[in-house]
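Worksheet: the structure to be examined is printed underneath.
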Amino acid sequence: MAQDATQHFVDISDIAVDSPGLDLLVWPETSYPQTWMEEQPGVPSEFNVKESETMAEFWKIPVLLGLKSSIPDNAGNRAEYNSALLLVKGKPIDRYDKIHLVPLGSTSLSGTRPR
């Protein structure tokens with residue numbers, strides 16, 4: 001099911017980017033299936049860098065993704081969040097991590113519950 005939903009978002013994104021005047025492509029909360037992993041604070045994993053660059057090749061506009069993120073603190077302890085990530089030209093520009101979840105509503109498509 002999650003794979004079908006992801007393909008749906010890819011398909012409608014492909015259609016949307018052909019629309020004249022589109023400035024930003026937005027994916028809903030937790031709709032992106034991959035976890036945004038950072039090796040250290042502010043440094044995305046190699047996999048996420050490649051995924052971001054691939055999106056930039058296909059969709060030549062900024063993308064705001066709703067996703068789960070796994071972010072280490074300076075001591076290396078990881079915290080998981082329900083996040084919004086802004087990518088511009090395949091580079092992460094900013095990320096917002098949701099702090100307060102809505103009971104019974106803030107879960108990802110994979111069924112896990114980020115913080």
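The values are calculated or read from the model by the stated rules, or taken from the named source; none is laboratory data. Since the structure is predicted, the reported quantities are computational estimates derived from the model, not experimental observations. Heads up, the Cβs are rebuilt from the backbone with ideal geometry, glycines too, and the neighbour counts pull from every protein chain shown.
At a glance:
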read-out: Filter pass, Ala79 being closer than 19 Å to Glu29 by Cβ, modelled with pLDDT of 95 or more and part of a strand (DSSP E or B); value: no
read-out: Breaking point among (1) closer than 29 Å to Pro20 by Cβ; (2) charged (D, E, K, R); (3) over 14 Å from the mean Cα position of the chain (by Cα); (4) assigned to a strand (DSSP E or B), for Glu39; value: (1)
read-out: Filter result (in a helix (DSSP H, G or I), at pLDDT below 90 and over 16 Å from the mean Cα position of the chain (by Cα)) within the stretch 1-19; value: Asp4
read-out: From the options Ile61, Ile71, residue that is in a loop (DSSP other than H, G, I, E, B), surrounded by 13 or more Cβ atoms within 10 Å (Cβ to Cβ) and of a type in the set (A, V, I, L, M); value: Ile61
